[in-house]
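Heads up, the thing below is written out as structure tokens.
The values are calculated or read from the model by the stated rules, or taken from the named source; none is laboratory data. Please read these numbers as outputs of a predicted model, since none were measured by experiment. In this analysis, Cβ positions are derived from the backbone assuming ideal geometry, glycine residues included, and neighbour counts consider all displayed protein chains. When the accessible area is computed, the model is the full protein with side chains, heavy atoms only, and any ligands, DNA or RNA have been set aside. Shrake-Rupley method; radii C 1.70, N 1.55, O 1.52, S 1.80 Å.
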Amino acid sequence: MSTHTSQLLAMVEPFITKTDTVMKRSISAKERLSVTLRFLATGVSFKSLGFQFRIGSTTIGKIVEETCELCILNVVLSCLQTSTSEEQWRKIAEQFDMKWQFPHCLGAIDGKHIFIQPPANSGSTFYNYKFRFSVLLMAVVDANYRFIYTNVGDQGRVSDTGLFAQSDLQAALDDRKLNLPPAEALLNTNIIMPYCFVGDEVYPLRNDLLKPYPHRRLQPEQRIFNYRLSRARCVVENAFGILANRLRVFHTTICLNPDKAVTVTLAALCLHNFLRHKQSDAYLPPGYTDWEGENHQLHDGAWRQERTLQSVNMGGGKNPTITAKEQRDHLKEYFVSPAGCVPWQDQYV
């Protein structure tokens, strides 16, 4: 058993240990965790796992469901909590500025489909535009590929825009409950800029959420802004790529009802963050994520040669406010000014 698995077992053992009875000896916590990790890592059927562990497939299913719900979610959920203090948000923003040269960024947002078996009597409720049944996962990722916010379980037919509009993230932003840092001047300027998230073109442009300029008749400055934003956004693409290819349950159709599929998904996200916190080279080997050469040319990570999660369908955002447009324009001007430009950006637009 690896060091990280041993650490995880020590954390969850009290929650998944069963008591022996006169009639039957219980399955050990170590084996319960091993079964669950094998399921998340491979996505093989409960029947196949039953052959591997010499346990009945029905029992395997119960072990996976109980382990995900009772221990991984309860113990490792601390790895998946959204920041609630200015200090935590500032640390996230500092990492984005240092690694991706995008100031005041609190995270990159995106949505994906998690494919499930057709729920009984659900009609077209979970039927998506790719003609498959799914629940939706919307997440925010920090500069180190860790999930810092998740919303999973909405019906597959909802769009990316609808997913954000229905999320508790938008509600918390609207009600100012996240304790985001106040707007501040960008470095070496008097340009006041709020802290915000970044998303692609399907998300609404807001004071707290930036997206690219529409890809038509772009001015050079707008192209540079889009390039700089895409560098910050790549972390969420990479995080989903890591997740889907290291925990291959997402390569399959999860043959569970929607609620249980949500539990499995949250457990996988917790496990991902746990391994990122431990900086596991086995989970994230060198070159697996996108990387930059000496001239800052971005090279595809190894995960892009494999399968990844299906993106949520396009949906138009609401008309942005004048203030949101002005903020994006201010940052555009900053990126071409001596204070905010990076020397290589003109090469890639």
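For the reader, a short list of remarks on this structure follows.
- The range 250-265 residues that are touching a residue at least 24 places away in the same chain (Cβ under 8 Å), paired with ones that are assigned to a helix (DSSP H, G or I) and among the charged types (D, E, K, R) (beta carbon under 9 Å, 6 or more apart): Ile254/Lys260; Leu256/Glu65; Lys260/Glu65; Lys260/Glu69; Thr263/Glu65; Thr263/Glu69; Val264/Glu65
- Among the residues making up the range 305-339, those that are open to solvent by less than 60 Å² (accessible area, probe 1.4 Å), hydroxyl-bearing (Ser, Thr, Tyr) and modelled with pLDDT of 90 or more are Tyr334, Ser337.
- Qualifying residue in the range 183-195 (condition: touching a Leu at 6+ places or on another chain (Cβ under 6 Å) and either within 21 Å of His299 (Cα to Cα) or modelled with pLDDT under 90 (or both)): no
- Considering (1) among the small types (Gly, Ala, Ser); (2) part of a helix (DSSP H, G or I); (3) touching a helix residue (DSSP H, G or I) at 6+ places or on another chain (Cβ under 9 Å), the lone condition that Ser280 does not fulfil carries the number (2).
- Scanning the range 273-304 for residues that are open to solvent by less than 30 Å² (accessible area, probe 1.4 Å) and modelled with pLDDT of 90 or more gives Asn273, Phe274, Leu275, Tyr283, Leu284, Tyr288, Thr289, Asp290, Gly301, Trp303.
- Every pair of residues 6+ apart whose Cβ atoms lie under 6 Å, when the first sits in the range 13-29 and is touching a residue at least 24 places away in the same chain (Cβ under 8 Å) and within 18 Å of Ile60 (Cβ to Cβ) while the second is open to solvent by less than 80 Å² (accessible area, probe 1.4 Å) and of a type in the set (Gly, Ala, Ser): Ile16/Ala29
- Scan the range 171-214 for residues that are open to solvent by 40 Å² or more (accessible area, probe 1.4 Å) and more than 24 Å from Cys341 (Cα to Cα) and the total you get is 7.
- Output for the range 245-258, where each listed residue is within 15 Å of Val152 (Cα to Cα) and part of a helix (DSSP H, G or I): Phe250, Pro258
- Failed condition for Pro212, given (1) over 19 Å from Val152 (Cα atoms); (2) in contact (Cβ under 8 Å) with a residue 40 or more places away in the chain; (3) touching a Ser or Thr at 6+ places or on another chain (Cβ under 8 Å): (2)
- When residues of the range 140-165 are limited to those that are closer than 16 Å to Lys112 by Cβ and among the polar types (S, T, N, Q), the one modelled with the lowest pLDDT: Ser159
- Some residue of the range 215-230 being open to solvent by less than 50 Å² (accessible area, probe 1.4 Å), assigned to a helix (DSSP H, G or I) and of a type in the set (D, E, K, R): yes
- Looking across Glu326, Glu292, one residue alone is without any contact (Cβ under 8 Å) to a residue 12 or more places away in the chain, farther than 30 Å from Gly153 by Cα and in contact with a strand residue (DSSP E or B) (Cβ under 8 Å, 6 or more places away or on another chain). It is Glu292.
- The set of residues in the range 283-307 that are part of a loop (DSSP other than H, G, I, E, B), under 19 Å from the mean Cα position of the chain (by Cα) and either small (Gly, Ala, Ser) or under 20 Å from Ser230 (Cα atoms) (or both) comprises Tyr288, Thr289, Asp290, Asp300, Gly301.
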